[in-house]
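**Q** What follows is a structure written as structure tokens; I'll ask about it next.
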Amino acid sequence: MGVELVRGVKLSDVAEYAYASVANGVVFTAGACPLDAEGRTVAVGDFVGQARQVMENLEVALRAAGSSLAGVAKSTVYVRSSEQADLVAVWEVVRAAFGDHDAPSTLLGVAALGYDDQLVEVEAVAVRG
């Protein structure tokens with residue numbers, strides 16, 4: 001009944017933590033960031049471009065943990081902006097990635113995120129299988 005840390009994910013190795021963990025069949029992801037495989041922030045200044053990369057990276061982490069976007073029970077979307085239009089632009093990308101799976105989500109504007117030039121981050125809680 002321990003916690004399984006999911007490593008070896010085909011994402012950048014700049015993070016000093018596991019990209020996901022699994023406990024009792026529940027998957028918890030770290031915040032997916034707009035980084036390429038080399039750890040560089042993509043789409044600098046582009047909320048929509050970063051949101052697309054974030055969702056791709058989230059899918060990779062979920063698959064590595066034995067889940068998928070369809071297994072997400074809750075997500076949290078962080079946008080480095082106080083402008084509602086920026087939040088809505090990011091949300092449209094996130095919503096499109098989830099398709100018909102309209103699990104609960106929280107959308108937040110925040111003052112800062114962890115990487116240089118980062119505008120978007122998404123974390124999720126999902127189930128395996």
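**Q** Please give the contour-minus-distance gain from Asp102 to Gln84: 0.36 nm per residue of separation, less the Cα-Cα distance, rounded to one decimal in nm.
**A** 4.4 nm
**Q** Might you work out the accessible area of Phe28 for me, using a 1.4 Å probe with all protein chains in place, and round it to the nearest 10 Å²?
**A** So the heavy atoms of Phe28 present about 90 Å² to solvent.
**Q** From Cα pairs below 8 angstrom and at least 6 apart in sequence, can you work out the relative contact order of the chain, rounded to a whole percent?
**A** For the chain, the relative contact order is 32 percent.
**Q** Taking the simple approach of a point 7 Å from Cα along Cα-to-Cβ for both Tyr17 and Trp91, what is their distance in nm?
**A** 2.6 nm
**Q** Further question on the same structure: Over the range 64-129, one equal point on each Cα, no solvent: what is log10 I(q)/I(0) by the Debye formula at q = 0.24, 0.25 Å⁻¹?
**A** Reported log10 I(q)/I(0), two decimals: -1.03, -1.08.
**Q** State the dimensionless ratio Rg/Rh of the chain (Rg: radius of gyration of Cα atoms; Rh: Kirkwood radius).
**A** Value, to two decimals: 0.95.
**Q** At a threshold of 8 angstrom on Cα-Cα distance, excluding pairs fewer than six apart, so keeping six or more, what relative contact order does the range 1-69 reach in percent?
**A** 31 percent
**Q** Something else about it: When ranked by the protection proxy of mean other Cβ atoms within 10 Å per residue, highest first, what sequence do the peptides 57-66, 101-110, 29-38 form?
**A** Taking the mean over residues of other Cβ atoms within 10 Å, the ranking is 57-66, 29-38, 101-110.
**Q** Counting heavy atoms of the protein chains only and a 1.4 Å probe, report the per residue accessible area for the range 7-91 as a whole number of Å².
**A** About 48 Å² of surface per residue is accessible.
**Q** If you don't mind, there's one more thing I want to ask. What number, in nm² with one decimal, is the all-direction average of the projected area of the convex hull of the alpha-carbon atoms of the range 23-78?
**A** Mean orientational projected area (the range 23-78, Cα hull): 4.2 nm².
**Q** Could you tell me how many degrees, from 0 to 90 and to the nearest 10, lie between the Cα long axis of helix 47-64 and the main elongation axis, the longest principal axis, of the Cα atoms of the chain?
**A** Roughly 0 degrees between the two axes.
**Q** Return the carbon/sulfur percentage of the accessible area of the chain, one whole number, probe 1.4 Å, all protein chains in place.
**A** Reported share for carbon and sulfur atoms: 51 percent.
**Q** Please get the size of the charge dipole for the range 23-104, origin at its Cα centre, with Cβ charges of +1 on Lys and Arg and -1 on Asp and Glu, quoted in debye to the nearest 20.
**A** So the magnitude is around 220 debye.
The values are calculated or read from the model by the stated rules, or taken from the named source; none is laboratory data. Treat the numbers as computed from the prediction; the structure is a model and nothing was measured. Reconstructed Cβ throughout: ideal geometry from the backbone, glycine too, with neighbour counts over all protein chains shown. Surface areas here come from the heavy atoms of the whole protein model, side chains and all, with no ligands, DNA or RNA. Shrake-Rupley method; radii C 1.70, N 1.55, O 1.52, S 1.80 Å.
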